[in-house]
Amino acid sequence: MASFNRPRPARVRTLFLSDIHLGFKRARARDLADFLATIDAETIVLVGDIVDSLSLAQRFFWPAEHSRVVHALVAKQRAGTRLLYIPGNHDADRAPFAAMMHGALEVHREWVHHTARGERLLVLHGDQFDGETQVAGWLHWLGETAYDFTVVLNAYLNDLRSMTRLSYWPLAERLKLAVSTSARFIERFEDTAIAHARVQGYDGIICGHIHRANLRRVGGSIYCNTGDWVESCSALIEEANGELRLWRLAEAWQEDSRLTPPLLADAA
C-alpha cells in the first residue's frame with residue numbers, strides 16, 4: 001500500500017481513535033496496524049469500543065492482527081506516548097483490555113482535551129446520547145439487520161479490492177448515509193453532541209460511537225467524530241499547531257506522502 005511506505009513515521013501532537021472493535025470478525029485491524037506504523041503521537045486517545053467485549057462473549061475471535069494492534073499501542077506507550085482510554089458501550093468492562101495493555105493506560109470516563117490553539121474539547125464515547133437519539137423499536141431492528149448485512153458486504157468487497165491492489169472503499173458508510181432514516185439519526189446525534197458540549201461550556205466535542213467520521217464547525221462549536229475501524233477506517237489528528245484533520249484510509253491510497261484533508265475549516 002503506497003501510503004504505508006513512508007521511511008519515517010509522521011509526528012503529530014494527538015491521535016484520536018475509536019470503535020476499533022478488536023475481537024469482532026469484521027474489524028479492519030490489519031489496516032489499523034499498518035496505519036499505526038506510519039504515525040507517532042505525543043498523546044493517543046482511545047475513544048471507546050476498542051475491544052468488542054459483546055462480540056467476544058458470543059464467539060471468541062482473536063487473530064494475530066488484533067494482537068498486532070495491541071502490541072503497537074503498548075510499544076508507543078513504552079516509547080513515551082501518553083495513552084488515554086475512554087471506555088465505550090462495547091468495552092464498558094475495561095478489565096480485559098487493561099490487562100492486555102499491561103497497565104499502560106490512563107482510564108477516564110470523559111476527558112477534556114486542550115488543543116495547541118487553546119480550545120477545550122470534551123472527549124467521550126457518545127453512547128451517553130443514546131436515550132436522546134433512539135428510534136422506534138421496529139426501525140432499530142431493521143437498521144441492525146441491514147447494518148449487519150452491509151458490514152459483511154463491506155468486508156468481502158474490500159478484502160477483494162485489497163487482493164487486486166485497489167483502494168479501500170467505505171461501502172457500508174456510503175450506504176448508511178444514503179438511507180434517509182440513518183442519515184437523520186446521524187444528524188440528530190451530531191446536534192445532540194454539539195448541544196451537550198455547548199451547554200457544558202466547551203468549545204467542542206470529540207466522540208465516536210456511531211461509525212460516522214466527521215469534522216465540522218457549527219456556529220462557534222467544533223464537532224469531531226473519529227469514525228471507526230469497521231466501516232470508515234478513519235482517525236482524528238491534531239497537528240503540532242493545533243490544526244485538526246480527519247485521516248481516512250480511502251483517501252490515504254490516493255495521497256501518497258502526507259496526512260491529508262479535510263481540514264476543520266473545510267469539513268462538511
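The values are calculated or read from the model by the stated rules, or taken from the named source; none is laboratory data. Note that this is a predicted model, so its numbers are computed, not measured. Every residue, glycine as well, gets a Cβ built from its backbone with ideal geometry; the counts of neighbours run over all protein chains shown. Accessible surface areas use protein heavy atoms only, side chains included; no ligands, DNA or RNA. Shrake-Rupley method; radii C 1.70, N 1.55, O 1.52, S 1.80 Å.
Considering only residues in the range 145-164 that are in a helix (DSSP H, G or I), at pLDDT 75 or above and hydroxyl-bearing (Ser, Thr, Tyr), the one that is least open to solvent (accessible area, probe 1.4 Å) turns out to be Thr150. Close Cβ contacts (under 8 Å, 6 or more residues apart or on different chains) running from residues in the range 1-17 that are under 18 Å from Thr164 (Cα atoms) and at pLDDT 75 or above to residues that are open to solvent by 30 Å² or more (accessible area, probe 1.4 Å) and not β-branched (Val, Ile, Thr) are absent. Which of the residues spanning the range 199-220 are open to solvent by 10 Å² or more (accessible area, probe 1.4 Å), assigned to a strand (DSSP E or B), touching a strand residue (DSSP E or B) at 6+ places or on another chain (Cβ under 8 Å) and over 26 Å from Ser167 (Cβ atoms)? Passing the criteria: only Arg217. Is it the case that Glu132 is modelled with pLDDT under 70 and either part of a helix (DSSP H, G or I) or closer than 28 Å to Arg216 by Cβ (or both)? Answer is yes for this residue.
Scan the range 29-73 for residues that are outside any helix (DSSP H, G or I) and surrounded by fewer than 16 Cβ atoms within 10 Å (Cβ to Cβ) and the total you get is 7. Among the conditions (1) touching an Asp or Glu at 6+ places or on another chain (Cβ under 9 Å); (2) part of a helix (DSSP H, G or I); (3) of a type in the set (Phe, Trp, Tyr), Tyr223 misses just one, which is (2).
Remark: pairs (first residue in the range 111-130, under 14 Å from Leu84 (Cα atoms) and in contact (Cβ under 8 Å) with a residue 60 or more places away in the chain; second residue exposed (fewer than 15 other Cβ atoms within 10 Å of the Cβ) and of a type in the set (Asp, Glu); Cβ separation under 8 Å; 6+ apart in sequence or on different chains) = Leu122/Glu110; Val123/Glu110; Leu124/Glu110.
For the range 92-117, a tally of residues being acidic (Asp, Glu) and closer than 21 Å to Val74 by Cα returns 2. Being surrounded by fewer than 17 Cβ atoms within 10 Å (Cβ to Cβ) and in a strand (DSSP E or B), is that true of even one residue in the range 77-85? For the range 77-85, residues surrounded by fewer than 17 Cβ atoms within 10 Å (Cβ to Cβ) and in a strand (DSSP E or B): present.
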